[in-house]
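Peer 1: If you scroll down you'll find the structure; I have some questions about it.
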Ligand SMILES: [Zn+2]
């Protein structure tokens with residue numbers, strides 16, 4: 001089994017698995033010009049939804065053992081082999097440092113946090129605003145669900161009121177049990193930071209979630225890197241991969257994948273079914289908001305990949321191909 005290397009640090013700065021420029025490629029002026037002159041429908045003109053989760057569904061366990069409720073972006077309620085995991089919960093109205101500015105959710109979260117079923121763990125992949133949301137964590141701070149996060153994210157949520165005893169910080173290659181599940185942090189090619197002065201001082205990870213009969217992969221945010229094959233060799237094959245397809249751009253080719261690279265990552269990971277995430281919820285790039293999924297469908301067809309595209313908020317079992325076409 002190939003070894004997954006722990007994250008390397010130079011001084012306070014975590015390093016990517018392969019060299020990765022953090023600078024915007026191309027001219028900043030050109031990017032600004034494109035931002036203000038773009039005619040793309042980057043945010044939906046027509047309101048989406050409404051999306052509402054009927055929480056009574058959670059009283060009946062999924063027959064297949066694996067059911068996903070997509071709350072938007074990278075927020076997923078995962079029911080796997082009798083356990084419930086919540087990933088990167090962002091219930092707040094904006095993915096931003098400010099409550100009055102920054103990217104707004106395209107639709108409200110389909111189920112109030114207080115109405116979620118009992119959880120077994122929460123995964124926090126990294127500290128960016130569209131994954132680690134202050135109002136959401138503030139609300140979850142009063143509970144007692146274990147929180148598993150990347151190295152360095154623990155102290156941030158402790159400051160927000162989460163007790164240290166609930167937090168498990170993970171390096172790449174670390175594994176922690178949640179009863180009959182095991183959670184493993186695996187490498188990703190990305191970056192971190194919530195302000196101007198703390199870039200890459202906390203770690204970013206992807207995650208392997210292994211239950212008694214299912215094995216799935218939550219990719220969080222990552223650019224393409226050959227390490228997906230190593231993760232697949234070490235921990236695959238996967239019944240389901242959840243991989244980011246949105247927020248790509250010419251100026252930042254290394255830190256997000258987009259649909260072409262994400263479908264390649266799914267194949268390298270040895271995935272069976274692929275669920276595109278990190279799209280359709282926030283305007284974080286210059287592409288039209290539907291473009292990631294439209295391109296995903298083309299690549300999936302070309303590469304013979306089984307797609308899983310549930311309607312936001314609708315608990316949906318993973319039993320092969322599923323295309324809700326909710327965005328059409
Ligand atoms: Zn993100």
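Peer 1: Could you list all residues from the range 63-101 that are within 19 Å of the chain's Cα centre (by Cα) and on the phi > 0 side of the Ramachandran plot?
Peer 2: Hits for the range 63-101 are 72, 73, 88.
Peer 1: While we're looking at this one, here's another question. From the list 162, 148, which one is modelled with pLDDT of 95 or more and under 28 Å from residue 256 (Cα atoms)? I'd like the intermediate steps shown before the answer.
Peer 2: Working: 162 fails: under 28 Å from residue 256 (Cα atoms).
It is 148.
Peer 1: Among the residues of the range 73-92, is any modelled with pLDDT under 95 and within 16 Å of the ligand (Cβ to nearest atom)? Give the steps one after another, and end with the answer.
Peer 2: We begin by selecting, within the range 73-92, every residue modelled with pLDDT under 95; these are 92.
Those left that are additionally within 16 Å of the ligand (Cβ to nearest atom): 92.
Within the range 73-92 (the criterion being modelled with pLDDT under 95 and within 16 Å of the ligand (Cβ to nearest atom)), the answer is yes, since at least one residue qualifies.
Peer 1: Go through (1) over 20 Å from residue 276 (Cα atoms); (2) out of contact with any helix residue (DSSP H, G or I) (no Cβ under 8 Å at 6 or more places or on another chain); (3) modelled with pLDDT of 95 or more; (4) within 16 Å of the ligand (Cβ to nearest atom) one by one and return the number of the condition residue 70 breaks.
Peer 2: Only one criterion in (1) over 20 Å from residue 276 (Cα atoms); (2) out of contact with any helix residue (DSSP H, G or I) (no Cβ under 8 Å at 6 or more places or on another chain); (3) modelled with pLDDT of 95 or more; (4) within 16 Å of the ligand (Cβ to nearest atom) is unmet by residue 70, namely (1).
Peer 1: Can I ask one more? Could you list, in sequence order, the residues of the range 310-325 that are part of a strand (DSSP E or B) and buried (at least 17 other Cβ atoms within 10 Å of the Cβ)?
Peer 2: Taking the range 310-325 first, the residues part of a strand (DSSP E or B) are 316-317, 322-323.
Within the range 310-325, 316, 322 meet the criteria.
Peer 1: Six or more apart or on different chains, Cβ under 6 Å: which pairs go from a residue in the range 244-268 that's touching a residue at least 40 places away in the same chain (Cβ under 8 Å) to one that's outside any loop (DSSP other than H, G, I, E, B) and surrounded by fewer than 19 Cβ atoms within 10 Å (Cβ to Cβ)? Could you list them?
Peer 2: Note: pairs meeting the criteria are 251/31; 268/229.
Peer 1: While we're here: Within the range 266-304, can you find the residues that are more than 21 Å from residue 78 (Cα to Cα) and touching a helix residue (DSSP H, G or I) at 6+ places or on another chain (Cβ under 7 Å)?
Peer 2: If the condition is that a residue be more than 21 Å from residue 78 (Cα to Cα) and touching a helix residue (DSSP H, G or I) at 6+ places or on another chain (Cβ under 7 Å), then 268, 286, 292, 295, 296, 299, 300, 303 are the ones that fit.
Peer 1: Being within 16 Å of the ligand (Cβ to nearest atom) and surrounded by 24 or more Cβ atoms within 10 Å (Cβ to Cβ) is the filter here, so list the residues in the range 259-273 that pass it. I'd like the intermediate steps shown before the answer.
Peer 2: So the first thing to find is which residues in the range 259-273 are within 16 Å of the ligand (Cβ to nearest atom), and the list is 259, 261-262, 265.
Correct list: 259, 262, 265.
Peer 1: Being more than 16 Å from the ligand (Cβ to nearest atom) and within 16 Å of the chain's Cα centre (by Cα) is the filter here, so list the residues in the range 102-136 that pass it. It would help to see each step written out before you state the result.
Peer 2: The first filter runs over the range 102-136 and keeps only residues more than 16 Å from the ligand (Cβ to nearest atom), leaving 107-122, 135.
Once the filter is applied, which keeps residues that are more than 16 Å from the ligand (Cβ to nearest atom) and within 16 Å of the chain's Cα centre (by Cα), the range 102-136 yields 109, 121, 122.
Peer 1: Could you go through the range 182-198 and let me know if any residue there is more than 27 Å from residue 11 (Cβ to Cβ), in contact with a strand residue (DSSP E or B) (Cβ under 7 Å, 6 or more places away or on another chain) and surrounded by fewer than 18 Cβ atoms within 10 Å (Cβ to Cβ).
Peer 2: Yes, the range 182-198 has at least one match.
Peer 1: Ok, one more. If I filter the range 36-55 for residues that are closer than 18 Å to residue 118 by Cα and outside any loop (DSSP other than H, G, I, E, B), do I get at least one hit?
Peer 2: Yes - at least one qualifying residue is present in the range 36-55.
Peer 1: Another question about this same structure. Just to be sure before I move on: is residue 214 under 21 Å from residue 317 (Cβ atoms), surrounded by fewer than 21 Cβ atoms within 10 Å (Cβ to Cβ) and out of contact with any helix residue (DSSP H, G or I) (no Cβ under 7 Å at 6 or more places or on another chain) in the structure I sent? Before the answer, list the steps.
Peer 2: Details: under 21 Å from residue 317 (Cβ atoms): yes; surrounded by fewer than 21 Cβ atoms within 10 Å (Cβ to Cβ): yes; out of contact with any helix residue (DSSP H, G or I) (no Cβ under 7 Å at 6 or more places or on another chain): yes.
Against the criterion (under 21 Å from residue 317 (Cβ atoms), surrounded by fewer than 21 Cβ atoms within 10 Å (Cβ to Cβ) and out of contact with any helix residue (DSSP H, G or I) (no Cβ under 7 Å at 6 or more places or on another chain)), residue 214 qualifies.
The values are calculated or read from the model by the stated rules, or taken from the named source; none is laboratory data. Predicted model, so just to flag it, every value in this text is computed and none were measured. Virtual Cβ from ideal backbone geometry, glycine too; neighbours counted across all protein chains shown.
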